[in-house]
Amino acid sequence: MSNQTQPAREGGSKRTAAVAVQGMAPTFPHSSGNSAGDRFDSEDAHNDQRPGWRKFMAFVGPGFLVSLAYLDPGNLETDLQAGANHRYELLWVVLIGMMFALIIQSLAANLGVTTGKHLSELCKVEYPTLVKYCLWLLAEVAVIAADIPEVIGTAFALNILFRIPLWAGVLLTGLSTLLLLGLQRYGIRKLELLIAVSVFIMAGCFFAELSYVNPPASEVMKGMFIPKLSGKGATPDAIALLGALVMPHNLFLHSALVLSRKVPRSVHGINDACRYFLIESGFALFVAFLINVAVVSVSGTVCFAENISSENADRCSDLTLNSASFLLKNVLGQSSSTIYAIALLASGQSSTITGTYAGQYIMQGFLDLKMKKWLRNLTTRCIAIIPSLVVSIIGGSSGAGRLIIIASMILSFELPFALIPLLKFSSSATKMGPHKNSTYVLVVSWILGAGIIGINIYYLSTGFVEWLIGNGLPKVANAFIGILVFPLMAVYILAVIYLTFRKDVVATFIDPTSLTWRLRPIVPSISS
């Protein structure tokens, strides 16, 4: 068999060769006389006879698991600070971020359903070796950056519950990871349900507090639909808020999770699966959007109240996850800190699940390397512990809170290196066939993507120049820093341009109607 496929790999069209190399043909078993194809055809017929709601329930799960990443400690931290610093003015960032999240998460799901491969696997096939390894390293950094808020959020929760010093809580998060993975032996679905319930307890607390503080609806709607960046720190807070919402590792994760569902390999079956995943993701992200809006609104209302006490005003000036429980005292009273800490602990640990799976799929896809979950998660968590531990010892809770903001900004800057391949692959006929993005989705997704990338590049350049001018360092030191940093900024911009305008050279879509003749050179006959 290798002798038959090798010439196609080295000569002729790379598009045709990619089909044989990737071995995707067996995932489209619709050839005549194929027993597997007959079995899948009968399953398709059975699925079509099931009621619509039962077919939909078979696809529920990946979207809700992915949505947990939009409720992690990083999101809560940036939401609280956005409200405390700018009241409702940055709610439009939450709205745009969630709309964009729905679009790109649905594109990631469609990519996995249609191609039978997740995003990291397609990146491995499509890009040259150097680019592939660079994308892998960036994806790993994104997982680590997303894990930092989980480490610090868990440490804050342990500090509130048991008065454990912050640095000790950071070290204990490694053990909590092993405990969490041990609980998965009882069933990941039961564990996910338990964590989701705990997170929604926090949502109920903020919704109850929202009804108590009763923010002016007109101001909330104005902040949601009228873009505005005023006041000191509005731009970095907006970028951090966006980075905390739209995470690059989530794109790799969603495209892989949908592969756990049985999808009929037909145009109708794929279209139905994409539609069901869109509905599920839309509902899950809408709930996440409401929770984020509630957190921002509660923080903004309490911290900008006219009768706020001097103690609470001091807390609002440097609001962190460790000091935010006072926002819920109106509803929960003295038990507010305990319930808040339990929900915060659940938020951090639920995010660990998404980070674990995302890291596993990224490593498997880019490197074709499978690592045990406990070893993979412990390695990532230990790497994330190092900066969290140093900052918690030196800067305390306020320094740890600022580290969460920095991690969110890193995620925002890294987003193009997962987003651009996703947009290109999902719009490519060679990857998606007839299921590629429509013109409307193509235009909207690229406009939003270009806007986010443009904002990142603008802030990266202007923010660094402003810091270089006002840092007070000697001119020689500034010149040395500029020599080091400006080339890196140029490389960043060139890398974004390269990914955007590079033409795809590998095709992975297989037309089921032409599968019969494609299987012949791949599967040896019995007589041979």
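Laboratory data are not the source of any read-out in this text; all were calculated from the coordinates shown. Worth saying up front: this structure is predicted, and the values here are computed from it rather than measured.
For the stretch 53-503, what does the relative contact order come out to in percent, with C-alpha contacts under 8 Å and a separation of six or more?
After rounding, I find 35 percent.
Please compute the length gained on full extension between TYR212 and LEU375, using 0.36 nm multiplied by the number of residues separating them and subtracting their Cα-Cα distance.
Full extension from TYR212 to LEU375 adds 54.1 nm.
Can you list the HN-Hα couplings for the stretch 86-95, worked out from phi with the Karplus curve (6.51, -1.76, 1.60; θ = phi - 60°), rounded to whole Hz and with x for Gly and Pro?
10, 6, 9, 5, 9, 5, 5, 5, 5, 5
From the phi of every residue in the stretch 148-161, what ³J(HN,Hα) in whole Hz does the Karplus formula 6.51 cos²θ - 1.76 cosθ + 1.60 yield, where θ is phi - 60° and glycine or proline is x?
4, x, 5, 4, 5, x, 5, 5, 4, 4, 5, 5, 5, 6
Can you work out ³J(HN,Hα) from phi for every residue in the stretch 62-68, in order, using Karplus 6.51 cos²θ - 1.76 cosθ + 1.60 and θ = phi - 60°, giving whole Hz and x for Gly and Pro?
Going residue by residue, I get x, x, 6, 5, 5, 5, 4 Hz, with x marking Gly and Pro.
What number results when the radius of gyration of the stretch 53-503, computed over Cα atoms, is divided by 2.2 N^0.38 Å?
0.95
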